[in-house]
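Chemist: I am attaching a structure below and will ask some questions about it afterwards.
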Amino acid sequence: MNNPKVSVIIPVYNAEMYLEQCLDSVVNQTLKDIEIICVNDGSTDSSSEILQRYASGDSRILLINQENKGVAAARNIGLEVASGEYIMFLDGDDYYIETACQKAYDSVVSCGADIGIFSNYDLNNSDLRLGLTALKQKEIFASGYDNYFELQVYCWDKIYRADYLRQKNQKFVESLVTAEDIVFCLSLYFEHPKYCIINELLYVYRIHKDSCTHNSNCIEHDTAAFKVLREKTSFLAQDMSFQLQVVENFLSAAIGYLKISQNHRKDFSDAMLFIKYLEDWYSVDQLRNLPSYKYLKNYRFRYFLQQIFSIKNSFDKTSKILTIMGLQIYFKRRVV
């Protein structure tokens, strides 16, 4: 019996509200020769029952139940048992466009690549917009160069040749709470795989108000992820300009978290600890050339001014936030 063309790995934790839409999007793919690996990561809601119902009705679904270990561990279990020629990841609260597997598979095979990168939509309530990968791809096409580094943020907007992942022994770092996909993608990038851009919108990513980007500890967790990355021999083998580019991306994310922080004092303290860690490894002369480093070094004064008066977009860009003497007023943005 031939191996399936694609193994779709779906980590699931308490996703009952969206799980049926997720699973429907996979079982109804136009590419039928797929394996669907659902890893129930200790869900305490009705996700287990939903998964069992779908698994009973579709022989392509392999259901694995485990105690709660986190998304990285769930994906690793999926990688261990996957038998497909290619690997794709789908989160339990997101969903695919019905042609996602077919288009991703056909594209990556036709260009003989190790990794294919496709585009996504962001879904905020009922508002569907171009996602980060789609916007970055537009920039790449407009600039006329292949800056794949800019697309190493998510693991789910890609299709991977399974043999390549096994050859490079690539796994997710299970100790990480956030940015585990960034570490996974960058670790692959350091190995110089052959990439191809799949200029198709194939994935719908659901934005949640209660995600890490709206809660505390994100900067602390991202700092842990960067430390894991910096311990890799493959990262240290990169030239200094590239290392600093990675640093800039992590610092830029820290600024984004600070701007929407619900616990500003702690997140600011975590950002300063991250800065101190970086200053132990890189010279101030190297760091001060990074825009985000300079911004954070002056952040306390900026924050004071912003509490007196500022106008900015909310994280999901659906509202304008007017701040006057520390009081925040939200205005719904008109979508054009």
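Chemist: Residues that are closer than 20 Å to residue 157 by Cβ, surrounded by 20 or more Cβ atoms within 10 Å (Cβ to Cβ) and in contact with a strand residue (DSSP E or B) (Cβ under 9 Å, 6 or more places away or on another chain): does the stretch 53-71 have at least one?
Modeler: yes
Chemist: Name the residue, out of 84, 78, that is among the small types (Gly, Ala, Ser) and either within 23 Å of residue 17 (Cβ to Cβ) or modelled with pLDDT under 95 (or both).
Modeler: 78
Chemist: If you don't mind, there's one more thing I want to ask. Select from the stretch 12-30 the residues that are open to solvent by 10 Å² or more (accessible area, probe 1.4 Å) and more than 19 Å from residue 208 (Cβ to Cβ) and list them in ascending order.
Modeler: 24, 27, 28, 30
For every residue, the table says whether it meets (1) modelled with pLDDT of 90 or more; (2) touching a Phe, Trp or Tyr at 6+ places or on another chain (Cβ under 6 Å).
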{"position": "260", "(1), (2)": "no, yes"}
{"position": "265", "(1), (2)": "no, no"}
{"position": "281", "(1), (2)": "yes, no"}
{"position": "296", "(1), (2)": "yes, no"}
{"position": "307", "(1), (2)": "no, no"}
{"position": "311", "(1), (2)": "no, no"}
{"position": "315", "(1), (2)": "no, no"}
{"position": "330", "(1), (2)": "no, no"}
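Chemist: Can you tell me how many residues within the stretch 48-80 are free of Cβ contacts under 8 Å to residues at least 60 places away in the same chain, closer than 18 Å to residue 177 by Cα and not in a helix (DSSP H, G or I)?
Modeler: Of the residues in the stretch 48-80, 3 are free of Cβ contacts under 8 Å to residues at least 60 places away in the same chain, closer than 18 Å to residue 177 by Cα and not in a helix (DSSP H, G or I).
Chemist: Further, regarding this structure: Scanning the stretch 188-212 for residues that are part of a loop (DSSP other than H, G, I, E, B) and modelled with pLDDT of 95 or more, which turns out most open to solvent (accessible area, probe 1.4 Å)?
Modeler: Ranking the candidates gives 194 first.
Chemist: Give me the residue from the stretch 130-181 that is modelled with pLDDT under 90 and assigned to a loop (DSSP other than H, G, I, E, B) and, out of that set, surrounded by the fewest Cβ atoms within 10 Å (Cβ to Cβ).
Modeler: 144
Chemist: Then there's this: From the list 83, 47, 110, which residue is farther than 18 Å from residue 162 by Cα and among the hydroxyl-bearing types (Ser, Thr, Tyr)?
Modeler: Only one candidate passes the filter, namely 47.
Chemist: Sort out which residues of the stretch 36-52 are surrounded by fewer than 20 Cβ atoms within 10 Å (Cβ to Cβ) and under 23 Å from the mean Cα position of the chain (by Cα), and write them in order of number.
Modeler: If the condition is that a residue be surrounded by fewer than 20 Cβ atoms within 10 Å (Cβ to Cβ) and under 23 Å from the mean Cα position of the chain (by Cα), then 42 is the only one that fits.
Chemist: For the stretch 101-129, give me each residue that is open to solvent by 20 Å² or more (accessible area, probe 1.4 Å), assigned to a strand (DSSP E or B), touching a strand residue (DSSP E or B) at 6+ places or on another chain (Cβ under 9 Å) and not hydrophobic (A, V, I, L, M, F, W, C).
Modeler: 121, 122, 129
The values are calculated or read from the model by the stated rules, or taken from the named source; none is laboratory data. What you see is a predicted model, and the numbers here were worked out from it, not measured in a lab. Ideal geometry is used to build each Cβ from the backbone, glycine not excepted, and the neighbour counts take in all protein chains shown. To get the accessible areas, we keep the full protein, side chains included, count just its heavy atoms, and leave off ligands, DNA and RNA. Shrake-Rupley method; radii C 1.70, N 1.55, O 1.52, S 1.80 Å.
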